[in-house]
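**Q** Pasting a structure here, questions to come.
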Amino acid sequence: MFKFMMRFPICGCLLVLSCLTTSDDCSAQPPKLKIAETIWGFDGRVVVGQFNPFSVLIDNLSDETIEGQVTLRSIQGMVRESGGTLSEPLYLAPNSRRWVQFYPYVSQISADWRLSVRAGGSNILTASFDPPRGVFGLQLDDADSRRVSAVILDRTGMATQQPISVKHMPAEIFPPFSTATSGLSVLFLDHVPDWETPRQQALLAWLKRGGRLCLLLDSNGQTLSFSGVLSPLNEPFTVFRTGFGTVNRLDMQRGQLSDEIVRPFVQLPGGQDEDNPAAEFGNSIAQQNLMVFNPSANDDETFASMRKLTQPEHAWWAIFLLSLVYVGLIFPGCWILSRKKTLHFMVTYGAIAGVSVLFSLIFLMIGRRGYGESTVMNSLTIARSEDSTHWNAMQWLNLFVVSGDNYQVTSENQQALMASGDADDRGVAAVKSGNHAMFETRIPPFSSQSVVSARRLTQPDWALVLEDIEITSGVLTKLELTTGSTFPDHPDCQYLILHGQRLSTAVFRKEDLKLRLGSALQTLADYCSIRAEPEYSFGFFGQQQQYSSDSDSQIDRFYRYSIHPLIHRSLLDDGIVQPSQFVLPADRIRLFVYTPATEEILPSLNVDSLKQGRTLFIRDILLDPDSAGTATVQ
C-alpha cells in the first residue's frame, strides 16, 4: 500500500482524503438540539422602535440533560455582530422541549439575527434568522400592513388553529413583563390562562395602558370567570373600561370569529380606512414632511445630539500658537543650530528629538480631553400613565465617561428591558432583562455609550381632580384641574393639553395647586414638525423654526425643543406613525407634562455621575360619556 502511494502520489492523496471523509461520516453525531418554532413579536411581526418578544422553541433530541446558555445577537452586513448580546439560561431534560424568550430592541428591520446555544464549553447549536416583518410596512397592498398587532391565545397543546381570521400565540409565551407588551394592540381570549402572578399583572398593565381585550365564550359556551389579579375583568357589561383600555365581550366562541367580526378591532387607526376622519385631516407642511414609516428613524439623530452636549472645548488658540512655535524651533531653529561648526552634528539630531518629545508632552497636556469634564448621563424619557402611580417609560440614555472602564447600567424591580442605542455599536455589551436588569459594557476614556431602555416606574400620586371643563362645538374652551403637592413644578416645566387634534398650553399655579387651560397653540401635526436649530435636527422633521437666543446654552436648547420629537415619538404607542393621521378619541383629553428628570426616573450606574435630562409624562383624562362636561381622572 505504501509503495502504491509513493508511486502514484495523486491517487494516494485521494485515498487519504476518502478515508478521512469516511471517518468523519462514521464519527458524525446527530444534532442534539433543534429549533422547532420561532415567533417574532406577537403575530409574527415587530413594531420598529419598541422592545419586541422573540420566542424560540428548542427541542432536545438527545437522551442527555442539556444545561447551558442561549444568546441572541443582531448581525449587520452578514458578518458583523452589533448592539450587544442578549442571554438566557437553558435547561432541557432528555427528549424535552422548551420556549426561550428574548426581548430585543428592534431599531431597524434590515438586520439579521443569530442565536447560539452553548453548553459544556462549546456551541452545540447556531442558527440565523432573516429580518422580521414590521407592523408599519410600506407594502400598502399587503393586508397585514393595514392591521395592528392582534392575536388569540391558545391553550398549551392545542392542535387546531381555529379561527384563521386572527394570528395565534401560545398562552405560555405571553411576556411576564408589561414593558414587553407595547407591540400588542388587540388580544382575543377564550379561556382563563393558567399563569403565574407576574404574567397576569403584565396582561392587566397592558390593558390599563390602552390595550383592547376581546373576551369570548369558552369551549363549553360559558362566560369566562377570572380570579385574583385578573378579577377586574369580571364586569358584566358588554363593553367596559379597565384603566385606559377597553374590554369587549363577544357572545361567541373562537370558531365563530370571522373576518367581518375581527376587522373592526384590528384595522390600523388613521391609516387605510376611508371613513376615518383622521385620514382626511392634513396640514400641507406636516403631510409633506412627516412621511416617517420607521418610528425610530429619529433616534439616531437624538443620540447624536446628546453626544454633542458632552463635546470638550479645546484651547484651540493655545494649540495654534504652540504649533507655530514648534515649527519655528524645527526650522529654522534646528537648521541654524546645525550651521554652527563648533557643535557636533549629533547635537542637532538630539535637539530635533528633544523638541519633538517636549512638544508631544505639551500637546498631550493641552490637547487632551480633561477641562473639568466628568462622567455625565443625559436622558430623554417618555412615561405613559398606566394608573395613578405606575408609568410605562421608554428612555434614551447617553453616558459620557472620562476614564476607560467597565460600566453597568442597572435597574431593580422595574421589569426593565435594555439594549444598545446604536444599531452599529460594535462594542461587546452584555444585556440582561427583567427585574434585575443590567447593561454592561466597556467604554473607552472620553467617549460615549448610548442605551435605550423600557421600564415600569412607580411615582407619587398626582391626586388630580377635575374641577371644571367646557367643550363648545367640539373645541375645548375651559379646563381646570386640582393637583396634589407631588405634581411636577419647576421653572423649566411645560404643560400641554391635547383635545382631538388641537394642542393648547396649560398654566400651573402652585399657590392654589390649580392647572388651567391656557392659550391655543396649533395642531398636533404642526407642533410635531417643529425642530430647533440645525445642529439639533431630528431626522425627518422638516419644518425649521428658530426660537433660541444667544443666552441659551447648548443643553438648554436641546432639552427645551426635544419635546416636539418626543410627542411625535409617543404616538407610536397609539399605533400611529404620522401625526397628521392621529385624532385623540372623543372620550378623553391628554395631558403632557414635560419636566426635568428626577433621580428616581433614571437607572443606576456603578460610578458617580452627573445625571440630567427631561421626562415627558403623558396622562389621559377620560370623559364621562353619560354627562357632558364631566370627566374621571385615572
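**Q** Taking the inverse of the average 1/r across all pairs of different Cα atoms in segment 460-521, what Kirkwood radius in Å do you get? Provide the component values of the computation, followed by the final result.
**A** Details: mean 1/r = 0.0818 Å⁻¹.
After inverting the mean inverse Cα-Cα distance, the result is 12.2 Å.
**Q** Oh, and also: Choose one of SER219, MET158, GLN256: the residue whose Cα lies farthest towards the positive end of the charge dipole of segment 148-267 (beta-carbon charges +1 Lys, Arg; -1 Asp, Glu; about the Cα centre).
**A** So the residue we want is GLN256.
**Q** According to the Kirkwood expression over distinct Cα-Cα pairs, how big is the hydrodynamic radius of segment 316-367, in Å?
**A** Mean inverse Cα-Cα distance, inverted, gives 11.7 Å.
**Q** Would you list GLU470, GLU172, GLU260 from fewest to most Cβ contacts within 10 Å?
**A** On the way: GLU470 13, GLU172 18, GLU260 8.
Listing GLU470, GLU172, GLU260 from fewest to most nearby Cβ atoms yields GLU260, GLU470, GLU172.
**Q** Given the options ALA93, PRO104, VAL48, identify the residue whose Cα lies farthest towards the positive end of the charge dipole of segment 33-132 (+1 on Cβ of Lys, Arg; -1 on Cβ of Asp, Glu).
**A** VAL48
**Q** Just the C-alpha atoms of segment 314-463: what Rg/Rh do they give, with Rh taken as the Kirkwood radius? List each step's numbers first, then the result.
**A** On the way: Rg = 26.3 Å, Rh = 19.9 Å.
For segment 314-463, the value is 1.32.
**Q** Assign unit charges at the C-beta atoms only (+1 for Lys and Arg, -1 for Asp and Glu), then state the dipole size of segment 148-267 relative to its Cα centre in Debye, rounded to the nearest 20. Don't skip to the answer; put the middle values down first.
**A** Values: 10 positive and 10 negative charges, 77 e Å.
Charge dipole, segment 148-267, about its Cα centre: 360 debye, nearest 20.
**Q** LEU464's amide H: which non-local residues (gap 5+, or another chain) put their own amide H closer than 5 Å, with H modeled 1.01 Å from N in plane and none for Pro or chain starts?
**A** So LEU464 has HN proximity to GLY484.
**Q** List the relative contact order of segment 33-132 as a percent without decimals, with contacts defined as Cα pairs under 8 Å and 6+ residues apart. Could the numbers behind the result be given before it?
**A** Numbers: 232 pairs, mean separation 30.8, N = 100.
Relative contact order for segment 33-132 comes out at 31 percent.
**Q** Spelling out what I want: for every residue of segment 183-196, take phi, set θ = phi - 60°, compute 6.51 cos²θ - 1.76 cosθ + 1.60 (Karplus), and round to whole Hz; glycine and proline get x.
**A** x, 9, 10, 10, 10, 9, 9, 10, 7, 8, x, 8, 10, 6
**Q** In sequence order, what are the phi-derived ³J(HN,Hα) couplings for segment 87-93 according to the Karplus relation 6.51 cos²θ - 1.76 cosθ + 1.60 with θ = phi - 60°, rounded to whole Hz, with x for glycine and proline?
**A** 9, 9, x, 9, 9, 10, 6
**Q** Any chance you could check the Cα centroid distance between segment 559-620 and segment 163-220 for me, in angstrom?
**A** Segment 559-620 and segment 163-220 have Cα centres separated by 26 Å.
**Q** Let me ask something else about it. Give the value in nm², to one decimal: projected area of the alpha carbon convex hull of segment 33-132, averaged over all directions.
**A** Values: hull surface 24.0 nm².
For segment 33-132, averaging the hull's shadow over all directions gives 6.0 nm².
**Q** In percent, what relative contact order does segment 148-267 have, based on Cα pairs under 8 Å that are 6 or more apart in sequence? Please report the intermediate quantities before stating the final value.
**A** Working: 209 pairs, mean separation 32.4, N = 120.
With pairs under 8 Å counted, the relative contact order is 27 percent.
**Q** Now for a different question. Output needed for segment 148-267: three equivalent-ellipsoid semi-axes, defined as square roots of 5 times the C-alpha gyration tensor eigenvalues, in descending order, whole Å. Could you put the intermediate results ahead of the total?
**A** On the way: eigenvalues 73, 51, 48 Å².
After scaling each eigenvalue by five and taking roots: 19, 16, 15 Å.
Only the coordinates and a few stated rules stand behind these numbers; no lab work does. Every value quoted in this text rests on a predicted model; they were computed, and no experiment measured them. Positions of Cβ are backbone-derived with ideal geometry, glycine not excepted, and every protein chain shown enters the neighbour counts.
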